[in-house]
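Report on the structure given below.
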Amino acid sequence: MALTISVYEKRGLKRGPALTDANFAAVSTVLVIYNIPLRATGGGPLGGPTYQVETPRGLENVSWCVRVASPRHNAHDFWVRDGETHDVWLSPR
């Protein structure tokens, strides 16, 4: 399964332009520290703001924390479950 994540720039209280250079990682918020880069398809300059992010093996049936980042924007961490759809607004640095 996979997550569907749409990534946009945050402009005050409004959604700004689509971000086509987002990257994703599974991150830990407890004692065991991990930061696993995730493979995403879609998105990019031709695919728009919507990415299909593969769920890491072993995390299919549990909640886990994903980090969405962009080179010019602050990262955002949030909890997900396999198969969910999310809109993420990243604030500029």
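Coordinate-derived values only; no laboratory data. Keep in mind that this is a model prediction, so the values were computed, not measured. Note that each Cβ is placed from the backbone with ideal geometry, even for glycine, and that neighbours are counted across all protein chains shown.
For the range 17-93, applying the loop criterion from DSSP together with a ceiling of 16 other beta carbons within 10 Å to the chymotrypsin sites (Phe, Trp or Tyr not before Pro) yields Tyr34. Cβ crowding within 10 Å ranks Thr55, Thr50, Thr41 as Thr41, Thr50, Thr55, fewest other Cβ atoms first. In this simple spin-label model, placing a label point 7 Å from the Cα along the Cα-to-Cβ direction at both Asp21 and Glu54 gives a separation of 2.5 nm. Taking the range 41-81 and a reference point 7 angstrom along Cα→Cβ of Tyr34, the backbone N atoms nearer than 11 Å belong to 56-60, 65. Computed over the range 2-90, the quotient of the alpha carbon radius of gyration and 2.2 N^0.38 Å is 1.05.
For trypsin sites (Lys or Arg not before Pro), the sites in the range 1-74 that DSSP calls loop and that have at most 15 other Cβ atoms within 10 Å are Arg39, Arg57, Arg72. Counting only DSSP beta bridges with both residues in the chain, the antiparallel share comes to about 80 percent. Taken about its Cα centre, the range 2-90 carries a charge dipole of roughly 280 debye when the Cβ of each Lys and Arg holds +1 and the Cβ of each Asp and Glu holds -1.
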